[in-house]
Structure formats: structure tokens, C-alpha cells
Amino acid sequence: MTKRVVTLAHYYTQPEIQQMADKVGDSLELSLYAKEANADIIVFAGVRFMAETAKILNPQAEVILPDAGSTCSLVTQTDVAALAKWRKQHPDHVHVSYINSSAEHKALSDWIVTSRNVDDIIAHLYAEGKKVIFSPDRNMGGYLNYQYGYDMPLWSAVCEVHDKFNEAALDEAFAVAGAEKYLIAHPESPLPVLKKADYVGSTSGMLNWVKQFSGSPDAVIFVATEDGILYNMGLARPDLDLRQAPIYAGCQCNSCPYMKMNTIEAVKRAQQGVGLRIDYLSREQMDAARLPIERMLEFSQRYYA
Ligand code: 13P
Ligand code: SF4
């Protein structure tokens, strides 16, 4: 019997890969889709933590990552044994972890969040009188502390792509961009960049902001995130002047090397069943990691339905 293959792609993959996918989205959308997918094989054109999340949510499916090297710096910069110690040092805190984390990391967490729901979930926890520690992204956590006046202790890892966006380079680009200019940014960017943003949110959130833009047709919109999503934004609003925010003067080249490992050949091979099979997580590891993910999905369905 032919196997049902479902291909998922993140916005940061190249346009040809997105065109090969059954679903393109941000981390939350892809997790939800993976959970509900009626598939024998899920090919995840994204990075490893995304494929692991898909497997945890849909353990019956065989999940394949096209290139085993597709990791994420937020994962590789986090030593899980050290994280476990850090968590123990805060026994009266709720541990909230960004979805850009390994399965072992998730299993040490009370809640998983994505860039789409992190503000609302942490606000909900504070409203309940809880104290929170946040890992692994110190830029995202630092932004939340700044924006909402929290005092969350933070783990210290960064996205190597977003961390390069630079305030001075942005000021230079703004200075020559004309009268009307905007900045939209992913919360993995550094705080000085986020402080200048007109909108901070997930990849889908930024895409929606662009779709709904009603300012001057002469406006310049700088986008502080990985370059892949410029494709989706350009498709949605070809009338707008959209530019990737600079990392230093004159250079607009922030690209995620791990997302770009999803080449056409690698994705086609994965669709034939060849690639990194996510079959190395034990049932106990998956069960422990699923709890905080399901808590987030349940919250998201309740609040955003
Ligand atoms: P989103 O959930 O906003 O798509 O972010 C995923 C990611 O890895 C950003 O670098
Ligand atoms: Fe990880 Fe950054 Fe790449 Fe996203 S863009 S997958 S956070 S390294």
C-alpha cells in the first residue's frame, strides 16, 4: 500500500521547498498540523527540534528530517545537565521554555511556548501569581522582562541568525530610507533592535502585519528576521518596499544555515523515506516532553480559537 506522505515547511526554507510542502507555517502552526496529520510519513523541512516536536505529538507517524545537520543554535548552546541544575536552583518558579529546544530540554519544562503565544502564556502565569524562569533565548526573555516589567531569571543562549541584527546599522539604513519607515522584528533579535520595532512577533505574526499594512505606498518596511520569509511577504504584498534589516551597514544577508540545508534533493529523498528518522526518543522522553507542549496547545486553542 502506498504510504501517505505529508511535507511540512517552515517560512525560512527556500521558495522551492515551500512550493513542495502541504503546509507552510510558523512553529505553532506546524506543530498543530503535525499533530493532526493523517500521515504514515511526515517530512519536516525545518530544523531538528521541529521534527522532534512533530514526532512527540504524532508518535504513530514516521518523522523524517531531510538533513541530519539541521540543528538550531538555541539547542546547541544549551547544555541540558547545566539546565537541570539551573532549574533546581529555582524550585518555586515555573520553567517556561521556548519551543526551540531539544526533547530533553522540553522534558525539564513546565510550559513550552512559541514566539506566537509567549507573551500571553507568561502574562497568564504572572496573573496567577506565579514566578517564572525562562529558557533558552536570552533575547526573547530580555525583551519580555523589558516590555512587561517582569524579573524572570534567564538562560543564556541566542539564535545565531537574529542576534546579528544591529542597532547602529539599522539607524544608518533608517537615515536614508525616506520619510515613512517601519521595522517589524522577530523576538529572537537583540533588545536594542526590538525597542525600535513597530511590531514584534512570530513569523506568521509579521506576515499578517505586512498583509494588513495600510500606510503610504512609499513606505520602507525593514524586516528583522531570516531572509526566507521575504518571499512570502513579497507574494502577499508585491506593492510594498520590503527590505531585510541590516546586520551591518550595507549588508542584508541573515540566512539560517540549518534551514537552508533543506535542499530540493534532500527533501525529495526524505519523501522517499531517506533522511534522519526521529526514532531515537524513548517513550518516557516523549511522554515527559509532550506534557508541557500539550499545555501550550490547549492554551492556544482556548485563547486563539
Ligand atoms: P516562528 O515560530 O516565529 O516561526 O520562529 C521559529 C524560528 O526558529 C525563528 O528563528
Ligand atoms: Fe534556530 Fe535561529 Fe535558525 Fe531559527 S533562525 S532555526 S532560532 S538558528
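The values are calculated or read from the model by the stated rules, or taken from the named source; none is laboratory data. Everything numeric here is computed off the predicted structure, so don't read it as measured data. Every residue, glycine among them, receives a Cβ derived from its backbone with ideal geometry; neighbour counts consider all protein chains shown.
Below is a table of values for the structure above.
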| quantity | calculated |
| --- | --- |
| Tally, over the range 48-85, of residues that are within 15 Å of ligand 2 (Cβ to nearest atom), farther than 26 Å from GLU265 by Cα and surrounded by fewer than 24 Cβ atoms within 10 Å (Cβ to Cβ) | 2 |
| Count of the range 202-227 residues which are of a type in the set (Ser, Thr, Tyr) and touching a His at 6+ places or on another chain (Cβ under 8 Å) | 3 |
| Helices (runs of 4 or more DSSP H) fully within the range 1-115 counting 3 or more residues that are touching a Pro at 6+ places or on another chain (Cβ under 9 Å) and either hydrophobic (A, V, I, L, M, F, W, C) or over 26 Å from VAL274 (Cα atoms) (or both) | 103-107 |
| LEU230, sole failed condition from (1) in contact (Cβ under 8 Å) with a residue 60 or more places away in the chain; (2) surrounded by 16 or more Cβ atoms within 10 Å (Cβ to Cβ); (3) not in a loop (DSSP other than H, G, I, E, B) | (1) |
| Subset of the range 101-136 [closer than 15 Å to GLY201 by Cα and free of Cβ contacts under 8 Å to residues at least 40 places away in the same chain] | ASP119, ILE122 |
| Filter result (in contact with a helix residue (DSSP H, G or I) (Cβ under 6 Å, 6 or more places away or on another chain) and either over 18 Å from VAL47 (Cα atoms) or not in a helix (DSSP H, G or I) (or both)) within the range 278-289 | ILE278, LEU281, GLN285, ALA288 |
| Search result, residues across the range 236-256 that are closer than 16 Å to ALA177 by Cα, at pLDDT 90 or above and away from ligand 2 (no atom under 16 Å from the Cβ) | LEU240, ASP241, LEU242, ARG243, PRO246 |
| Test: residue in the range 297-305 that is of a type in the set (Phe, Trp, Tyr) and either more than 16 Å from ligand 1 (Cβ to nearest atom) or over 22 Å from the mean Cα position of the chain (by Cα) (or both) | yes |
| Counted residues, the range 26-80 - those being among the aliphatic types (A, V, I, L, M), closer than 20 Å to VAL158 by Cβ and more than 16 Å from the chain's Cα centre (by Cα) | 1 |
